[in-house]
C-alpha cells in the first residue's frame, strides 16, 4: 500500500526530510563502517578524530555542514579530514530522496531506505578491507523479514506470478526463489571456475550479498540485477584501473538501480515477446 506525494508542499517537505535523514544515516553508517574496518566497536564509545583521537563534540558532527565549516580539517589537530565523510552523507541523502520520489509514502519506501543504509555500510567496509562482515548480511535478512507485512499485496498473488513476479519481490515465494536460485547459481559457477583456474573468482561475502538482495528483488528483477552488477564491476575495473576490486560496492550500486527501475526494465523486456 502506498500514497503518492501529489501536493507540492508535501512533496517539498518529504524531499527535505528524506535528504536530512539520509545525511544523518550517512554520517552514522560511515562512522560505523570505519570502526568495523579498523576493529573497533561501533556501538560503544564516542566519535573521535581518526588522526589525533580527540573526542568530537556535537558541532563537529553535523552532517555535511561541519565538514564545510571546518574546511575539511580537524578542529583540534588541523589534519585534513577525508572527503569521504561528506561524500557519503550527500550520497545517502540523494539515495533517500530518490526512493521517496519513486515509491511515495509507503511500506516499500521504508524497506528500501533501510536496505540502502545496509548496502552503503557493507560497501564502505568492503572498499577498505575486501570483505563483507556477516553482521551486514544478517541485518539485511532481518530487515527483509521485518518489512514483509509492509510490502505484500493486499489482494494476494497466486500461481506462477507468485514465484517469478517481474515486480520487486512482491511475494515471499518470489523473494526466496530469487535468493536461492541466483546465489546458488553463482556459488556453483564460482566453485567450477575456481577449480579450473585455481584462483578465487567470487568471495563468500559476495555470494551471501547476492542472496540478500535476491530476497528484496525476487527472481526476475534479481536476474537483471546480477547482469547489472557484473557490468558495474567491469566499469569499476576500467575506471579504477585495478586488476582486483571489491565486488560488494558493484552489487550494492546495481541493487539501488534495480530498485529504482528494475521492474520497469523487466516488464518492458517481457513485453517484447
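The values are calculated or read from the model by the stated rules, or taken from the named source; none is laboratory data. Treat the numbers as computed from the prediction; the structure is a model and nothing was measured. Cβ sites come from the backbone with ideal geometry, for glycine too, and all protein chains shown count toward neighbours.
Per-residue answers, yes or no, for (1) surrounded by 12 or more Cβ atoms within 10 Å (Cβ to Cβ); (2) out of contact with any helix residue (DSSP H, G or I) (no Cβ under 7 Å at 6 or more places or on another chain); (3) more than 20 Å from residue 111 (Cβ to Cβ); (4) modelled with pLDDT of 90 or more:
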{"residue": "182", "(1), (2), (3), (4)": "yes, no, no, yes"}
{"residue": "191", "(1), (2), (3), (4)": "yes, yes, yes, no"}
{"residue": "197", "(1), (2), (3), (4)": "no, yes, yes, no"}
{"residue": "211", "(1), (2), (3), (4)": "yes, no, no, yes"}
{"residue": "256", "(1), (2), (3), (4)": "yes, no, no, yes"}
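A search for C-beta distances below 8 Å between a residue of segment 201-215 that is outside any helix (DSSP H, G or I) and any residue that is buried (at least 24 other Cβ atoms within 10 Å of the Cβ), counting only pairs 6+ apart in sequence or on different chains, returns 202/247; 203/132; 203/247. The single condition among (1) touching a residue at least 12 places away in the same chain (Cβ under 8 Å); (2) over 18 Å from residue 144 (Cα atoms) that residue 259 does not meet is (2). Residue 122 satisfies every condition listed in (1) more than 13 Å from residue 29 (Cβ to Cβ); (2) crowded, with 23+ Cβ neighbours inside 10 Å except (1). All told, residue 228 falls short of being assigned to a helix (DSSP H, G or I), at pLDDT 95 or above and under 18 Å from residue 125 (Cβ atoms).
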